[in-house]
């Protein structure tokens, strides 16, 4: 099993989740987050004074999938969320040792 974490532009959430659903992904978590990377935030003026906002709104999607689908899912997320501009986000891929479905006690891939 593999966990995929994606940090995306908030406006890409619906397109990515729709594409994942069409692929057959049954479960994921989406979280509103703030962060910065190469995009580095922006300057905002308030009452005549400018100040830097280093953290920008992003969306984080987390999903755990069967290892054999990792390359296809990463490609799908990349193609669906890419604008070509700084701030498109990142994808992180981690191995998962085990998963447990609390309701049934199922473990491993049957739990995802």
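The values are calculated or read from the model by the stated rules, or taken from the named source; none is laboratory data. Owing to the predicted nature of the structure, the values given are computational and were not obtained by experimental measurement. Cβ coordinates were reconstructed from backbone atoms using ideal geometry, including for glycine residues, and neighbour counts include every protein chain displayed.
Here are a few things to note about the model shown:
- Filter result for residue 16 (under 11 Å from the mean Cα position of the chain (by Cα) and at pLDDT 95 or above): yes
- In segment 87-112, the qualifying residues are those that are part of a strand (DSSP E or B) and over 17 Å from the mean Cα position of the chain (by Cα), and the one that is nearest to residue 55 (Cα to Cα) is 100.
- Any hit, segment 80-89, residues being closer than 18 Å to residue 6 by Cα, loosely packed, with under 11 Cβ neighbours inside 10 Å, modelled with pLDDT of 95 or more and touching a strand residue (DSSP E or B) at 6+ places or on another chain (Cβ under 8 Å): no
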